[in-house]
Amino acid sequence: MEVIFELAIIVCIAATLGIIAKILRQPLILAYIATGIIIGLIQIFFQSFYIGEKEVFDLFSELGVMFLLFLIGLEMNYSSLKTVGKTSIVVGSGQILFTFIFGFLIATVLGFTQINAAYIAIALTFSSTIIVVKLLSDNKTINSLYGKISIGFLLVQDFVVIFMLIILAGLESGEGFSIKTLTYTLFLGIILFGIMIAIGRNIFPYIFSKIARSQELLFITSIAWVFGLVALIEFLRIKTGIGFSIEIAGFLAGLALANSSEHYQIANRIKPLRDFFILIFFVMLGSSIVFYDFSAIGLPIIVLSLFVLIGNPLIVMVIMGLIMGYRKRTSFMSGITVAQVSEFSLILSALGLKLGHINEETMALIAAVGIITITTSTYMIVFSDKLYSKLSPLLSFFERKNPRKEYSFEDNKKPIILVGYDRTGKSIAARLEKEKMLVIDFNPDIIKGLEKLGYSCIYGDIIDPLIFENVDFTSAKMVISTSPELKDNINLVSGIKLSGSKAKIISRAESEEDAKILYSKGCDYVFLPLYSSGQYLGKIIDSDPELKGLQELKNKDIMFINQINKK
């Protein structure tokens with residue numbers, strides 16, 4: 001009964017702080033750690049609520065990490081390996097290497113022992129894929145060039161961190177660090193990795209195709225597989241004394257299901273479980289750091305936080321801009337995505353503390369740096385466009401005199417300019433003559449597809465001033481923007497007006513308020529997709545109350561859908 005009472009308090013505090021974090025545009029991980037800090041303060045002042053001494057909370061914490069790694073394994077399908085291009089591999093590998101080297105040197109200068117400095121450097125190396133993907137999605141930039149590069153090198157980080165977790169998990173259940181133990185761990189990891197891939201390719205696709213229609217059965221079968229494999233690996237570890245933790249077993253279970261066509265449905269069902277149990281992990285982490293005196297490590301916290309917030313982006317900008325030749329905007333936007341410490345860094349550190357590799361001082365330091373960098377980098381990513389505008393003159397140092405060709409402006413004079421091709425833009429383009437149209441889109445995959453179809457198109461973000469410097473808007477009679485973002489459309493209208501173009505401007509809006517603002521800025525027509533579709537259907541019903549022509553209209557729409565899907 002006492003555990004239920006304490007769990008209720010934890011969840012209520014976490015929910016309250018989660019709402020505050022949402023308002024402040026912060027990730028929930030900070031709300032969970034803050035919940036732990038509050039619980040820790042309750043322990044200090046009221047001499048009660050010792051969740052660290054409850055086995056049930058320890059179990060929940062382990063299950064949280066297990067489900068987190070299960071979902072990571074589930075999302076590492078074989079096709080994802082192909083999506084990591086050369087740029088992502090080079091940038092990801094270079095960032096990991098140089099961040100570790102500089103982080104290790106800084107930590108050593110600050111007085112930490114080599115093993116503690118190594119853990120600190122490793123923690124500073126990894127960035128949060130979960131947080132970055134969420135923020136890029138919110139900013140509608142996940143399909144941009146820098147969004148794709150960022151997700152690519154974060155995937156490289158994920159592969160490396162999983163490898164390290166496997167090594168540490170092997171050491172945890174073995175005889176400590178030795179060449180023999182390390183070799184055996186690697187060998188066992190490779191064997192299990194191969195078995196999971198074989199099962200995932202040859203057995204599970206058949207089984208899950210049979211039960212896919214029942215969501216409940218799909219969920220319970222997935223859970224049964226996870227816990228079954230975890231129990232088996234735990235049994236082998238107890239019997240042999242060597243093996244992996246339940247967290248790594250969770251990752252291997254997810255890896256086996258990664259190639260099934262139902263892995264998205266499985267992930268959606270498992271995520272609520274992960275969110276609940278991982279809450280306990282971060283609460284326990286937050287409650288544990290309250291008991292440490294941070295005054296002794298105040299300077300290291302500040303120095304290492306600045307290194308992550310400034311040094312990590314600089315490392316990425318040097319690799320992308322000066323070495324690989326990307327433009328400063330692409331390098332900068334990619335760089336700020338690594339300006340935080342990952343949740344995996346906290347998990348690695350907690351495992352290092354459990355193994356006795358690091359002390360509580362190092363664990364508290366990494367947690368504090370994590371809180372500072374996650375909080376700050378969130379706003380850096382959210383307001384990345386404004387930040388770039390302020391720093392743009394200084395960033396020229398990270399751009400070659402002749403940067404690589406990200407943009408092509410060879411055919412920039414067309415009477416119709418369409419900004420944004422995906423979805424709405426695709427339907428508009430299907431009704432227009434391609435010879436008279438120039439398409440601007442920031443998704444490189446869309447641009448490649450359009451080029452194959454013979455469209456005149458430019459890869460670029462309409463917020464980038466480079467577009468207005470090189471695209472001839474004065475030759476256009478009409479500019480159509482399908483972007484749902486108000487700031488993008490305001491920027492477009494302002495740029496067109498400044499160029500002296502007399503083109504008619506048609507823009508999209510998501511609300512009546514946005515439409516009024518765009519009209520005040522100079523748009524000739526603003527369309528609201530929901531209103532437009534409603535008016536269209538209303539006209540059909542009004543002109544044909546008996547809906548006798550509905551079948552003919554249906555056939556025309558099907559033909560149109562098939563037509564645009566071929567493009």
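The values are calculated or read from the model by the stated rules, or taken from the named source; none is laboratory data. Since this is a predicted model, take the numbers as computed values, not measurements. Please note: Cβ atoms are built from the backbone with ideal geometry, for glycine as well, and neighbour counts cover all protein chains shown. In case anyone asks, the SASA skips ligands and DNA or RNA and just uses the protein heavy atoms, side chains included. Shrake-Rupley method; radii C 1.70, N 1.55, O 1.52, S 1.80 Å.
Per-peptide packing, taken as the mean over residues of other Cβ atoms within 10 Å, places 447-459, 209-221 in the sequence 447-459, 209-221 from highest down. The residues of the chain expose on average 48 square angstrom of accessible surface per residue, using a 1.4 Å probe on protein heavy atoms. Evaluating 6.51 cos²θ - 1.76 cosθ + 1.60 at θ = phi - 60° for every residue in segment 510-519, the Karplus couplings come out as 9, 8, 4, 5, 5, 4, 4, 5, 5, 5 Hz, glycine and proline recorded as x. Taking the longest Cα principal axis of the chain as reference, the axis of helix 343-355 is set at about 10 degrees. Report note on the peptides 98-104, 191-197: ranked by the mean count of other C-beta atoms within 10 Å, highest first, their order is 98-104, 191-197. With a Förster radius of 30 Å applied to the beta-carbon distance between F45 and V303, the computed FRET efficiency rounds to 0.45. For segment 135-162, list residues with backbone N below 14 Å from a point placed 7 Å from the Cα of K487 toward its Cβ? 135-142, by backbone N distance to the label point.
By the rule of a C-alpha distance below 14 Å, with chain neighbours fewer than 8 residues away ignored, the aspartates and glutamates paired with K328 are D385, E399, E406, D461, D464.
Rg and Dmax over the alpha-carbon atoms of the chain stand at 26.8, 83 Å.
Multiplying each eigenvalue of the alpha-carbon gyration tensor of segment 207-328 by 5 and taking the square root yields semi-axes of 38, 25, 16 Å, largest first, rounded to whole angstroms. Computed about the Cα centre, the dipole magnitude for segment 330-470 is approximately 400 debye when only Lys and Arg (+1) and Asp and Glu (-1) carry charge, each at its Cβ. Phi angles across segment 279-286 convert, under the Karplus curve 6.51 cos²θ - 1.76 cosθ + 1.60 with θ = phi - 60°, into 3J(HN,Hα) values of 4, 5, 4, 6, 5, 5, 5, x Hz, Gly and Pro given as x. Karplus-derived 3J(HN,Hα) values for segment 22-38, using 6.51 cos²θ - 1.76 cosθ + 1.60 with θ = phi - 60°, are 5, 5, 7, 6, 10, x, 5, 4, 5, 5, 5, 5, 5, 4, x, 4, 5 Hz; glycine and proline are entered as x. Ranking of M559, M324 by solvent-accessible surface, largest first: M559, M324 (1.4 Å probe, protein heavy atoms only, all chains present). Each label was represented as a point 7 Å from its Cα along the Cα-to-Cβ direction; for T16 and S427 these points are 4.6 nm apart. Based on C-alpha pairs under 8 angstrom that are at least 6 apart in sequence, the chain has a relative contact order of 16 percent. Here the accessible area is traced with a 1.4 Å probe on the protein chains. For segment 205-329, carbon and sulfur cover 68 percent of it. Separation of the alpha carbons by more than 28 angstrom is noted, of K134/K448; K22/K271; K148/K426; K134/K413, for K134/K413.
Here is the P(r) of segment 439-567: all C-alpha pair distances, binned every 5 Å from 0, give 2, 9, 15, 16, 17, 15, 13, 8, 4, 1, 0 in whole percents. For the pair V133 and K504, the difference between a 0.36 nm per residue extended length and the Cα-Cα distance amounts to 130.0 nm. Residue ranges 543-555, 382-394 sort as 382-394, 543-555 when ordered by packing (mean number of other C-beta atoms within 10 Å per residue, highest first). The calculated 222 nm mean residue ellipticity attributable to helices in the chain amounts to -22000 deg cm²/dmol, summing -39500 (n - 2.57) over DSSP H runs of n ≥ 4 and dividing by all residues.
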